[in-house]
Amino acid sequence: MLARFLRKDDRAGNGGDVIAVSFVVIVYDMPLQAENTVRSLLPGYQLEVTGAEYEIIVVENASANRMRPAFLDSLPDNVRYFLREQPEPSPAQAINYGASVARGEHICVMIDGARMLTPGVVRSILRGHRMLDNAVVAVPGYHLGGELQQEAVNSGYNLERERELLASIAWPESGYRLFDIACFSGSSAPGLFMPNSESNCLSLHRLLWQALEGCDPRFDLRGGGLINLDLYKRACEHPGVQHVIALGEGTFHQFHGGVTTGGQSRELRDAYIEQSREQYRALRGEEFASPVTQPVYLGEIPAQAQKFVHYSAARVLAARGEAPLDGGPA
């Protein structure tokens, strides 16, 4: 029922103010990329918001490559860091732990700590929840580079090339120029106006999170398999919610040797994907399919994002047989 998500939570941050959103960022073996992600969440980079309105919860699963203490010590008061020594290969327990210590009225899950954000993400998520009490707010996903990183790595894409790309747009001074050096991620490949399979920045009311019982820990494969797709689908399809898409914002995947993007052979990657699909079928009794919703589109569209909006509209017209589709956004 819709009413179950209308009660306001009484959790408060510094000064007794209600924290609107807790961003739960999961990190494992990606210290440099995680630093970029956290920087892109901080007040100052994020526009028209203050640290009193939201908090950032970094949950790092221990590895040989941990985030630097000097960086963590430099962070403002709205960032909290938790190091977990548990060795499980799936991020499920880390996500649920981060949500359990969150003080926000809403919980925003970022399963991959290697996802940099555009400067209006926090503003858009706050707007979405203020506009609609039952909102599930999703941010579209992109990859840094001109093609999907699992393909680009075969032609030499690596950390050095990515550093050069970020330097070429003067990041972080020009946050929206991330669109200039990116392509749609695989899960967002249908474009902004057709069903996507996941969001790597998904915000929902705490009561909805509780109703969904968080992330399902039975998704226990390395990297979680389809755990993020499962959460996205269950949240967007839950009765009474309104799917909201932050049209002009994005999360941008950095190269870090991930399970499906880090340069594994196509055979190993395909085997992992099939194993993930098999696990989803076993747990849910059906093949995964992207949720089909009637989303509300929210927010400004910066000039740099307009090529992706144009391409997305062209995909819809092509699917209807009304116009040919000429490649992807250049």
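A few remarks follow.
- Qualifying residue in region 277-297 (condition: closer than 30 Å to residue 156 by Cα and not hydroxyl-bearing (Ser, Thr, Tyr)): yes
- Search result, residues across region 50-74 that are touching a helix residue (DSSP H, G or I) at 6+ places or on another chain (Cβ under 8 Å) and surrounded by 16 or more Cβ atoms within 10 Å (Cβ to Cβ): 52, 53, 54, 56, 57, 58, 59, 60, 61, 66, 67
- Restricting 39, 4, 11, 103 to those that are modelled with pLDDT of 95 or more, over 18 Å from the mean Cα position of the chain (by Cα) and not aliphatic (A, V, I, L, M) reduces the list to 103.
- Hits in region 192-226 - residues which are charged (D, E, K, R) and over 18 Å from residue 237 (Cβ atoms): 206, 218, 220, 222
- In region 194-241, the residues that are in contact with an Asp or Glu (Cβ under 9 Å, 6 or more places away or on another chain) and among the polar types (S, T, N, Q): 200, 228
- Residues (among the hydrophobic types (A, V, I, L, M, F, W, C) and under 23 Å from residue 250 (Cβ atoms)) located in region 97-117: 107, 108, 109, 110, 111, 114, 116, 117
- Selection count, region 282-317, where residues are in contact with a strand residue (DSSP E or B) (Cβ under 9 Å, 6 or more places away or on another chain) and of a type in the set (Val, Ile, Thr): 2
- Only residues that are surrounded by 14 or more Cβ atoms within 10 Å (Cβ to Cβ), in a helix (DSSP H, G or I) and either β-branched (Val, Ile, Thr) or modelled with pLDDT of 95 or more (or both) were counted in region 247-274, giving 1.
- Of all the numbered requirements in (1) more than 20 Å from the chain's Cα centre (by Cα); (2) under 20 Å from residue 124 (Cα atoms), residue 248 misses one, and that requirement is (1).
- Entry remark, region 50-94: residues being over 20 Å from residue 39 (Cβ atoms) and small (Gly, Ala, Ser) number 6 in total.
- Residue satisfying all of: in region 301-324; in a loop (DSSP other than H, G, I, E, B) and at pLDDT 95 or above; nearest to residue 197 (Cα to Cα) among these: 301
- Number of the condition not met by residue 100 [criteria: (1) in contact with a strand residue (DSSP E or B) (Cβ under 8 Å, 6 or more places away or on another chain); (2) more than 29 Å from residue 183 (Cα to Cα); (3) of a type in the set (Ser, Thr, Tyr)]: (1)
Yes/no per residue for (1) over 17 Å from the mean Cα position of the chain (by Cα); (2) buried (at least 24 other Cβ atoms within 10 Å of the Cβ); (3) not hydrophobic (A, V, I, L, M, F, W, C):
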residue	(1), (2), (3)
77	yes, no, yes
80	yes, no, yes
85	yes, no, yes
89	yes, no, yes
93	yes, no, yes
108	no, yes, no
123	no, no, yes
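- Among the conditions (1) touching a Phe, Trp or Tyr at 6+ places or on another chain (Cβ under 6 Å); (2) more than 26 Å from residue 159 (Cα to Cα); (3) among the polar types (S, T, N, Q), residue 196 misses just one, which is (1).
The values are calculated or read from the model by the stated rules, or taken from the named source; none is laboratory data. Since the structure is predicted, the reported quantities are computational estimates derived from the model, not experimental observations. With ideal geometry, Cβ positions are generated from the backbone for all residues, glycine too; neighbour counts draw on all protein chains shown.
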